[in-house]
Structure formats: C-alpha cells, structure tokens
Amino acid sequence: MPFSLSPKDSSFYPLFTASAENLVEATNVLSDFIHDHARREELAGKLRELEHAGDQSTHAIFRQLNTSFVTPFDREDIYNLASDLDDVMDFVEAAADLVILTGLGTLPAEMSQQTALLQRAAQTTAEAMPRLRTFKDLSEYWIEVNRIENEADKLYRRLISRLYSGEFDALEILKLKEVADQLEEAADAFEHVANVVETIAVKES
Amino acid sequence: MPFSLSPKDSSFYPLFTASAENLVEATNVLSDFIHDHARREELAGKLRELEHAGDQSTHAIFRQLNTSFVTPFDREDIYNLASDLDDVMDFVEAAADLVILTGLGTLPAEMSQQTALLQRAAQTTAEAMPRLRTFKDLSEYWIEVNRIENEADKLYRRLISRLYSGEFDALEILKLKEVADQLEEAADAFEHVANVVETIAVKES
Amino acid sequence: MPFSLSPKDSSFYPLFTASAENLVEATNVLSDFIHDHARREELAGKLRELEHAGDQSTHAIFRQLNTSFVTPFDREDIYNLASDLDDVMDFVEAAADLVILTGLGTLPAEMSQQTALLQRAAQTTAEAMPRLRTFKDLSEYWIEVNRIENEADKLYRRLISRLYSGEFDALEILKLKEVADQLEEAADAFEHVANVVETIAVKES
C-alpha cells in the first residue's frame, strides 16, 4: 500500500463522514423496526448489514492510519473517533437483536422517543464530521449532542420509573431493560464521539 | 476571553478542589437521603442541584483549558480528571433518583455502608486535589482510594449474596440492584479519578 | 530503587508475559470450576489467589514504570496494557464468585463455551506478549482476538435468547445473567488488551 505524503492527509474526513452517515441510516432503520412489527426480522437483518458496513468503514480508517506518515490530528484521537462511532452502531444493532431474542412484542412509547433522540444525534454527528477539516462551529455540535444525551437520560429514567410502576411483571421488566439499556448506551456512545471531537479541538486550540 | 500566559497556569487547582469538595457534600447528602426516609424528595432535589453545580465546575475547567496556552499537565489528563470527577457525581445523583423512581422504602444496611465508603473516598479525593500542585504525597491518596474501592467491591458482593438469599422476590432484587449498581459504579469512578492522578504523576516522575 | 538507564528498557516484556500467562491459568481454573461442581469452593479460592498474583504483577509493572527513564513505548500505553490485563482477571474471578454468591448449581452449556473462548483468548494473548519486543506478527494476534470476541458475542446472545425462552423463571434468569455478563465482559476486556497493542503498533508504524 503506498504511503501518503501530504502533510495533512485529507482522506480521513470522508471516511468519518461515511461512518456517521451509516449511523443516520441505522437509526432510521431502528425507528422503522420499533414501529413496524411485521417487518422486524427483515429490518434486524438490514441492521446486521449496516453494522457489517460500519465495521468495514472502521477498518478502512485503521488501514489509512497505518499507511499515513502525517495525520490531520493525533493518531490516538483518530483511532478513538473511529472506535466510538463503531460502538454506537454496535448498541443500535444489539437493541434490535435483543427485541427479537427476548421475544418482545409492542414496545413502550418511551422507546420510540429514545430512538427519535438517537436519530437526531446521528444527524447532528453526520453534519459535524465534515467540519473537522476547519474546526469551525464544532462547539455547537458537541453542545447539541450533550443536550440530546441529557434528554435521553431523563427519558431513560422516566422509562425505568414506568417499568417499576406495577404495569409489568419481573420477566417483562428484565426483557424491556435489556433493550432500554442498549438504547441508553447508544446515546452515551454518541456523547463519547462528541467528547473525542472536543478533545481534538482542545488540542488544536 | 483573555489568554493566560503564565507558564504553569495555577488556576486549575482550585477548580479541581471545588469539584471534589462538591462530591464531599453530595456523598453527605446521599447518606442523609438513605437514612432519613421522610426527607427523600427534598434531598434528591438537593442532589440534582449539586449535580448541576458539578456540571458548572466541569465546564469552567473546560473553558479554562480552551483559553490557556500552557497547562500544568497534559491537556488530555486535565480533561479526563474533570470528566471522571463529573462521573462520580452522576452516579451518586442517579442512585438517589433510582430509589425514588423504583419506589423503594427502607434500604439494606449494606447500602449505608456503601455510602459511608463513598464519603471516605470523596474526603480523601478532596484532600488530595491541592497536592496536585507539588505532586507530594499523592501515592498515599491513590493507595487509599484503591483500598476503599476494594472494600466497596467486597461489600457489593456481600449485598449481591444477600439479595439472592431468598429474603427478596425477583422484583425487589431488580429494584435494589439498580441502586446498588450505581453506588458500586460511584466507587469505581473514584478509582478512575485516582488512576488519572497516578497517570499524571507517572508522566511527571 | 535504582533507575534503569538502558534506552529501551526490556524488563517490561517478561512482566506482561507473566501477567498474560496468569490469565491462561485463571481461565483453565474457571473451566474446571464450571464443570467440577464438587470442587467449586476450592477452585474459587484458587481464582482469588490468581487474582492476587495478578495484582502483584500489575503493581510490579507500575513500579517499573516509575523507575524507568526511558520506556519501550509510551508510558500511558504501558499503563493501559497492564490495567486491561488486570481487568480480565477481575471479571474471571468475579464470574466464579457470583456463581457461589447466587447459589447456582449446574450451569448452561453456553457458559462452558464462553469459558472455552476465554481460554483461547488467554492463550493467544500470552503467545503475543513476547512479540511486543519486535512488533512482528502482532496483527495476527489482534485479528484473532477480535474474531474470538465476535464469537463470544454471538454465544452471549444465544444464551440470552435461551434465558428468556421460558425454560427459567425470573430469579434464575437474574442469577444466570450476573455470571453471563461477567464472562462477556472478560471477552470484551481481552479485546481491550488487543486494542491497546494495536494502538502501540499504530504509533510505532
């Protein structure tokens, strides 16, 4: 593989953007999955494909990292950014898989709302990735993702409160918690992505 | 915002100390919360306020980081130290909130003991923060926090053993585990703070 | 303690190898623990001893780090590698302890399979540690550990699916999940070790 000699290798930006756009699609599929009961098997399969595509993007970034002399920002940060984007995908795919594995039917409305927040976080992240080139207006991005994560946290607690309200038995609570926790972890993982971007910006400042 | 030009900017130390002292107060409020059944709503509100104050401290550190040319230690370590102190607060606040959300009444004695350990970890951490200036006697601090975390771990396992002893039904176990896990994570998060301090000291050695 | 002055201090490699070989032994003991019902108390005691030995290795690495002027790779990476190896041991030991604490009897076959994967990950890791000296053939190691972690993940999901199949009641599911989660976390922790090695290799490339 040829070594890149350009002092600020620009080929990372499209890879990060592709990785984040993959998350936009995955969170849209997850939203359909939650609402469209009849297509769950099909849509879970679609999420497995998107997770596979995400893995390919992540490894493309790692390969690029291994063949670049000079990188636009610290190697560790590129590595962390790629890994954290990958983590989001893993949680999104796992949430859908756990719905199927536990045999859950209709899901509480709070889970649609959790998913809607994930869709917003993915959109915000995908829009920010190209701005890594100039570091312009990135603070708006991480403030917005932190705001979304705070909302997701409140929603998660409202869901927990409902789970223990007496409406569900222990077995149902256990099953629903499996899924709710993955959705909550996906929101946290979006915040980790934003934290890495903030760390990069702090170093460049 | 004016840039600080002093070669070893000293304004981080009071911010870290303030952040850790906030944890001393939060763990004291948590202790009252656990014992004083009638004041739980009020004390959970107090914890939400302290968490909000903690967020302010964390962001003051981040802003300071963005406007300092030279920092007393690596930017990433300052960032990690602030984030990990923030994590402790989040777990402490979440523990109280989950008691209310799950509608738990009297809590097992092990949870008072977990909280007492958190109070000691907070006290030890707050006393160590000003010593970051000179790096003197910091090893005592992280050894003590590691010791506390080991005790917390043993206590957590004793609690788990009791939860499954037949004394509680599945629903109660689920609720109590929600709270116990947050208290355990708070103890772990204190250890993460100590690990960052150890990392900083290793680099300076 | 005398300072080491050799430019690339070689004494870290045997310490990492010892730490990983300790994990080979621990995963072998865990396998016996799972299959040999009558010896569980004795084997859990053996795991506690191995965890104690692991802690000693970890602290030997930290002490070495504090007395070395020049390290073979970044201090943070040495620190992370030692910590992540230590994490694996903690999860392995906790899995066995939780079997005893929750009073579980015969365990599902999937848990033997999870343990077999941990044995393979430990073996692969122990064989790779001496190769840190030359950075030769390390990519084979982390690819293999990633493959094992993928298998472990699939197995974990198959186990979750079985737990909710109706075969177990809520209390049994809770107990079995405690153990399954530790085994899953141990597999993840092996992947974290491999990620640190990959990070080191990326920097050296």
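Determine the shielding of peptide C:165-171 by partner chains: average, over its residues, the number of Cβ atoms on other chains within 10 angstrom of each Cβ.
Counting Cβ atoms of other protein chains within 10 Å of each residue's Cβ and averaging gives 4.
Trypsin sites (Lys or Arg not before Pro) within segment B:70-156: which are DSSP loop residues with at most 16 other Cβ atoms inside 10 Å?
Listed in order of number, the matching sites are B:136.
How much of the calculated P(r) for segment A:152-205 lies past 19 Å, in percent of all Cα pairs?
Value for segment A:152-205: 45 percent of Cα pairs lie more than 19 Å apart.
If you filter segment C:58-143 for chymotrypsin sites (Phe, Trp or Tyr not before Pro), then keep DSSP loop positions with at most 12 other Cβ within 10 Å, what is left?
C:69
In percent, what relative contact order does chain C have, based on Cα pairs under 8 Å that are 6 or more apart in sequence?
The normalised contact order for chain C reaches 30 percent.
Treating only the Cβ atoms of Lys and Arg (+1) and Asp and Glu (-1) as charged, compute the dipole magnitude of the protein assembly as shown about its Cα centre; round to the nearest 20 debye.
Computed charge dipole of the protein assembly as shown: roughly 940 debye.
With only alpha-carbon atoms counted, please give the Rg and Dmax of the protein assembly as shown, in Å.
23.9, 70
Using the Cα atoms of segment B:12-204, I'd like the radius of gyration and the largest Cα-Cα distance, Dmax, both in angstrom.
17.3, 60
Report, in deg cm²/dmol and to the nearest 500, the calculated mean residue ellipticity at 222 nm for chain A, where each DSSP H run with n ≥ 4 adds -39500 (n - 2.57) and the sum is divided by the residue count.
Counting only the DSSP helices, I get -27500 deg cm²/dmol.
Against the longest principal axis of chain C, how steep is helix C:138-162, in degrees 0 to 90 to the nearest 10, with axes from Cα atoms?
Approximately 20 degrees, to the nearest ten.
Check the straight Cα-Cα distances from residue B:175 and name the lysines below 21 Å, setting aside those fewer than 8 residues away within the same chain.
Here the lysines satisfying the reach criterion relative to residue B:175 are A:154, A:175, A:177, B:154, C:175, C:177.
What angle do you read, to the nearest 10 degrees and between 0 and 90, between the alpha-carbon axis of helix C:40-66 and the longest principal axis of chain C?
In chain C, helix C:40-66 runs at an angle near 20 degrees to the longest axis.
In Å², what does the accessible area per residue of chain B work out to with a 1.4 Å probe?
41 Å²
If you find the alpha carbon centre of segment A:101-179 and of segment A:27-80, how far apart are they in angstrom?
Taking the Cα centre of segment A:27-80 as reference, the centre of segment A:101-179 is 18 Å away.
Treating only the Cβ atoms of Lys and Arg (+1) and Asp and Glu (-1) as charged, compute the dipole magnitude of segment B:12-204 about its Cα centre; round to the nearest 20 debye.
So the dipole magnitude of segment B:12-204 works out to roughly 280 debye.
To the nearest 10 degrees, how steeply does helix A:170-204 sit against the main Cα axis of chain A, on a 0 to 90 scale?
Tilt relative to chain A: about 20 degrees.
For the interface of A with B, what's the total buried accessible surface in square angstrom, probe 1.4 angstrom, rounded to the nearest hundred?
Buried area between the two chains comes out at roughly 1500 Å².
Based on the Cβ-Cβ distance of residue C:38 and residue A:204, what FRET efficiency does E = 1/(1 + (r/R0)^6) give at R0 = 60 Å, to the nearest 0.05?
0.45
The values are calculated or read from the model by the stated rules, or taken from the named source; none is laboratory data. Fair warning: this is a prediction, and the values are worked out from it, not measured in the lab. FYI the Cβ positions are ideal-geometry reconstructions off the backbone, even for glycines, and counts take in every protein chain you see. To get the accessible areas, we keep the full protein, side chains included, count just its heavy atoms, and leave off ligands, DNA and RNA. Shrake-Rupley method; radii C 1.70, N 1.55, O 1.52, S 1.80 Å.
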